[in-house]
Every structure is written in structure tokens, then in C-alpha cells.
Amino acid sequence: MEGNIIPTTMAIITNRSSDTDLFVFEDYNQRIAIAVILCIVFLVGSIGNTLVITAVVLSRKLRSSTNWFIVNLGCSDLLTCLCLPFNVVASVSDGWPLPGWICAANSAVMWVCLGASVTTLAFIAFNRWYLLTKSGTQFQKLYTTRNICFMLLSAWMYPALLVLVPHFAGLGRLGYSHKFKACGQDNSIPTSFLYSLTAGACAIIPVFIVTVVIYVRIYIFVSRQSKKMNQLKIAGEPQARGIDNVNVEMSSSEFVSNEPSTLTSGMTITQSRSTSNLDTSPSTETDTSNETGKLRIENLPQNTPLEMSGNQPRLSPEGTKANQKRLRPIQQNSPDNKARPHC
């Protein structure tokens, strides 16, 4: 009787301890579904991040300070995607079939890359905020080659310390997780919860808060600038209209010549157009008055080539025939003068 009681008691204790487990990923169909999703992410992510890195490296136009952070983000995401096939093996297998150090190294690389991705996103947000709110000189002083390399290095060192120091300090252990059937951390160690809490609280949460705060400040800054631009645009509309009115008035003004001129068949008067710097539209009429009469020039072309011969201005041979047809005399209303006929 006593021999049968002891095994029964141990079985009850074991069942109770197993009931206290929160979750064990045992459903094989669900594990197959997770493995298929990981394979899709691996293919799409590997191709996409490789194209991003190749585009920035090969194109000189894309080599800006912000794009180097994007390259760093692409490298971290690419390494994360390369770690997914090992998790596929862990998902579809009952236990880890490969040496334990492979799963531990895969876990370390994946967690460090995830932390580097989040930290790089925070650096990109700060880059955008600094570019919008500061002058170009201050931006160039901060984002030198040396400072950019330091930022990229710190994006990798910070999560690496948070992942590797607790592992070697005995707070947790990287490896195969029997509970989740994946390469992560060994949940059989009692302090594994503290390991996850430390890495998440120090790496993911602070960086996430910083990123959100920066983008909120960017939104506030852009909103204020948009309101100022709208106010300046509204205030500047009457002034712009006044300038347009002045231009219209200047373009339609008449210039009067005080030199006497005689209307003959071989002479044209272009003094008003040569002395003014304004372009006259085809519908504009320019009047030239003298002592004996008044000449009206209608529909004079804008780009008529001019030639000067002696003291009398005349048109080039090509423009003379066209402009002579547009000249017509207008009789002066004075009773003392007689209108001269056009030859």
C-alpha cells in the first residue's frame, strides 16, 4: 500500500504543476500555420530589404544622412528575416533537432536586430525633427560622417548590451523554448520572466515613447507653420493684386515723342517702342504726336528687328513691308494745318 501511495502523490504534484503552466504551444496545425507565415515573411522581407540596401549603395543621389539610417534599418531587418528559417524548424519539430548553440546564437542575433530596428526608427524620427526645426548649418554640423557612424554604432550596441549581459550574468538563458516551440529564451529557468521584462522595459518601451514624442512634436511644428503660411497668404493677396494692377497700367501706357516726324513711304517711326522697355501687346495702340500731325501705330509686332541708319530710325527690310501697311495718318483737328496725303 505504501509503495502505491508515493507514486500516486508524485503524479498528483506533477499534474498540479503542469496545470499552473500558462501556455504550451502544442497544436501542430497551428504550428504549421505559423511556419508558413514565417516563410512568407522570410521571402518578402529578404527580397525587399536587399533591394533597399542595393539601391542606396549603388546610387549616389540616395546617399544622404537619412538614407544611411534607412540602410541600417534594412540591414537589421534583413538579418531578422534570415533568422526566421531556424524558427520554422523549431516550430515544426518536437524539440530542437540541431545543436543548442545554434538556437542560442539565432536567438541573440534576432533579438539584437529587433532592438536595432526600433532604435534606428527613433534616430530617423529625430533626424526628421532636427531637419525641420533647425537651420541647414546646424543640421550639417550635427550630421557629419563621424556623428552618423556613432549613431549607427550605438543603435546596435544598446540592444546588444541589454540582450547579452543578462544572458552571461545568469539572469536568463538564450536557447530553445519548449513552451513556445521557438528559438528565444529558455523558459525552464525561473528568472526568465525577469530577463524578458528587463529587455522589454529598457529597450522597446523607452525607444517607442521617444519616437512617439518626436513625431508629435513634428506634427505640432508643421501645423503651426501651415497656419502661419495661410495667414501670410491671406495678408499678401491685396498687395499681389495691387502689383498686378500696376503692371497692367504700365503695359497699357502711352509714350509721346517730342521730335517732329514726317510721314513718307520710306520712313517709319519706332521711337516709342525703342525708348520704352515694356512689351506692347498686339491690341495696344501707341500714339506719336508732333507739330504737324499725329501718327497712330496699330498692331505693331512685339519682336520687330530694328536697324539705325544715319539720324533716322528705320526697320529692317523684312519688317518694313509688314509695318507700312499698319501705318495710317490721322488728320489733326487744328484748322490752320492741312492734312498731308499718304504717299
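The table for this structure:
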item	result
Some residue of the stretch 115-124 being closer than 21 Å to K179 by Cβ and either crowded, with 23+ Cβ neighbours inside 10 Å or assigned by TED's automatic domain parsing to the domain that holds A182 (or both)	no
Output for the stretch 55-101, where each listed residue is at pLDDT 90 or above and in a loop (DSSP other than H, G, I, E, B)	S59, W96, P97, L98, P99
Residues of the stretch 117-147 that turn out to be under 19 Å from the mean Cα position of the chain (by Cα) and either part of a helix (DSSP H, G or I) or within 19 Å of I204 (Cβ to Cβ) (or both), as a count	17
F42 being surrounded by 18 or more Cβ atoms within 10 Å (Cβ to Cβ) and either among the polar types (S, T, N, Q) or in contact with a strand residue (DSSP E or B) (Cβ under 7 Å, 6 or more places away or on another chain) (or both)	no
Pair list, Cβ < 7 Å and 6+ apart or interchain, from the stretch 133-152 residues that are farther than 23 Å from L73 by Cα to residues that are in a helix (DSSP H, G or I)	T133/F221
Condition met for F42 (assigned to a helix (DSSP H, G or I), hydrophobic (A, V, I, L, M, F, W, C), touching a Pro at 6+ places or on another chain (Cβ under 7 Å) and more than 30 Å from T144 (Cα to Cα))	yes
Which numbered condition T80 fails, given (1) buried (at least 18 other Cβ atoms within 10 Å of the Cβ); (2) more than 29 Å from D186 (Cβ to Cβ)	(2)
Any chance F221 is more than 27 Å from F25 (Cα to Cα), touching a helix residue (DSSP H, G or I) at 6+ places or on another chain (Cβ under 8 Å) and surrounded by fewer than 18 Cβ atoms within 10 Å (Cβ to Cβ)	yes
From the options Y158, Y176, Y195, residue that is aromatic (F, W, Y) and over 14 Å from A108 (Cβ atoms)	Y158
W68 vs. criteria surrounded by 13 or more Cβ atoms within 10 Å (Cβ to Cβ) and within 25 Å of C149 (Cβ to Cβ)	yes
Criterion: within 27 Å of S64 (Cβ to Cβ), hydrophobic (A, V, I, L, M, F, W, C), in a helix (DSSP H, G or I) and touching a helix residue (DSSP H, G or I) at 6+ places or on another chain (Cβ under 8 Å) - qualifying residue of V216, V210	V210
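The values are calculated or read from the model by the stated rules, or taken from the named source; none is laboratory data. Predicted model only: the values in this text are computed from it and were never measured. With ideal geometry, Cβ positions are generated from the backbone for all residues, glycine too; neighbour counts draw on all protein chains shown.
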